[in-house]
Amino acid sequence: MFSPSGFSMRVRLASVRPLAGSTIASALALLIVLSGCTDAFDPPLHADTELSRRIDAPPLIVHGQRLNVGLLRRFYASHGFEPVWPTREAQANSLVKSVLHAGDHGLSPELFHASLLRKRATLPPTDRELLLSDAFLSYADALARGAWPVERRGDDETLTPKQIDVVAALNDAIDSPDPAAAIEALAPTTPTYQALREALQRYRSDTSSGEDRLRTIVVNLERQRWLPRRLPADRVWVNAADARLVLYLDDKPVFSTKVIVGQDVRRNQSPEFRVAMDGVLFNPPWNIPSDIATAEILPKLNHDPDYLTRHNMVMQPDGGLQQLPGPNAGLGLMKFEMDNRFGVYLHDTPDQKLFNRDDRRISHGCIRVQNVRELASLLLQQPIDTINSAIATGSTIRSSLPAPVPVFVVYQTAYVDTNGTLQFRPDVYGRDAAIWAHLQRAKAVAPSNVSASPKAGEEISP
């Protein structure tokens, strides 16, 4: 067997008359494209310059510093793979000054080649060019979505802002009157971010303050960079580190209550994610996750055959377990529906005394809400009496929200509360250390692969 296009190519090439100089190459390239035989010849996609040759030969390491080939290729493609900074010295100096002050955002300037930037005049021109561009692009990327982006974090840390084209942002910056200000504008402007930046300066100047507090501030500045630059005006906010829920309507906190969150063991920690809530299920059944059924329920049947009956549980045709609705059901009297891959949701609980505990990290990952009727009333825009009537039917009833409401489950060990006060919480999940270590990594070291946490099953138990 042979390719018809290949045969056609041979015929066409045979009929080509001798041509001079570059005309031959152009004619050959045209014939190959016309024949469809593009696999036989891969013409350069860009100009052949010293910069393009350096970028096209990864890994790209300059003076022991690993550079971001992907961002550099896109940036220089917009400039014909020609040097940018020799004719933009003022812009380069402005951006270098900004990078060297990355510490104001809790970012180590060494993440962006600070030591080499300080002696850039002594570097070979092409090395200097590449280091400047990589520093500016990497700094813009860190401000825009965090220095530890979502693709390198654990499977249960999925918060990330809307994607920003940092190449376009840098191009816009160098054409603006104040390039540094244009790049700085990529950082969050939320009250918590501003308060953390101020606290960072305050704690740095206070030699009596502990190193632990400084680290907590730096880590939570990074977490702020994982959030949308403009938070939805209506949102449900759950901070697992604080075990509290706050409902914002029109960007104002209108309701707050205690919650129970996932246990400290990693597989049962509440994940960090965003999801849309679209309804409330009254008198919900509980489809018990298979891992919980296997580990915690089915073994009890060996010495307690009536366990399922006493707990109003039934075996499903597919072999799964379900707890039927009722006042003592695991999900309580209502569940807030928010479909997500973790199987995590907000729900009621029959065991209200658990909310009196200081340590409310006792679930398998889901969020148990203390004052569910008030929350449902606000979200459904219905009076409490209507909520009570739906519960009183004893039937499983679904009510849709007037409009989906974003739910954020976050883990913030430093944050600004609804009174505008900076608060600190213990790192009970042990997540801060990994973020701190990543923020202190040297550019000379290849980014490490972050081991993903165990993937959640179809549903995490209450």
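Things to note:
- Filtered residues of region 131-172 (kept if touching a residue at least 40 places away in the same chain (Cβ under 8 Å) and more than 21 Å from V69 (Cβ to Cβ)): R153, G154, D155, D156, E157, T158, L159, T160, P161, K162
- Selection status of F75, in contact with a His (Cβ under 8 Å, 6 or more places away or on another chain) and crowded, with 20+ Cβ neighbours inside 10 Å: no
- Applying the set (1) farther than 18 Å from F75 by Cβ; (2) crowded, with 18+ Cβ neighbours inside 10 Å; (3) among the β-branched types (V, I, T) to I174 leaves exactly one unmet item: (1).
- When restricted to residues that are in contact with a Lys or Arg (Cβ under 9 Å, 6 or more places away or on another chain) and crowded, with 21+ Cβ neighbours inside 10 Å, region 149-158 contains 2.
- The residue that is surrounded by the fewest Cβ atoms within 10 Å (Cβ to Cβ), counting only those in region 382-406 that are closer than 18 Å to T257 by Cα and touching a strand residue (DSSP E or B) at 6+ places or on another chain (Cβ under 6 Å), is P406.
- Contact map, region 321-338: residues that are closer than 18 Å to L354 by Cβ paired with residues that are among the acidic types (D, E) and not in a strand (DSSP E or B), Cβ distance under 7 Å, separation 6+ or inter-chain. Pairs shown: L331/D348; G332/D348; L333/D348; M334/D348.
- G394 being in a loop (DSSP other than H, G, I, E, B) and within 16 Å of N287 (Cα to Cα): no
- Selection status of A180, within 19 Å of R223 (Cβ to Cβ), in contact with a helix residue (DSSP H, G or I) (Cβ under 7 Å, 6 or more places away or on another chain) and either among the charged types (D, E, K, R) or surrounded by 18 or more Cβ atoms within 10 Å (Cβ to Cβ) (or both): no
- Test: residue in region 201-208 that is at pLDDT 95 or above, among the aromatic types (F, W, Y), assigned to a helix (DSSP H, G or I) and in contact with a helix residue (DSSP H, G or I) (Cβ under 6 Å, 6 or more places away or on another chain): no
- Those residues of region 95-147 which are polar (S, T, N, Q) and in a helix (DSSP H, G or I), in sequence order: S98, S115, T122, T126, S133, S138
- Search result, residues across region 199-224 that are free of Cβ contacts under 8 Å to residues at least 12 places away in the same chain and either among the small types (G, A, S) or surrounded by 12 or more Cβ atoms within 10 Å (Cβ to Cβ) (or both): R202, R204, S205, S208, S209, G210
The values are calculated or read from the model by the stated rules, or taken from the named source; none is laboratory data. Since we're looking at a predicted model, the values are computed, not measured. Cβ sites come from the backbone with ideal geometry, for glycine too, and all protein chains shown count toward neighbours.
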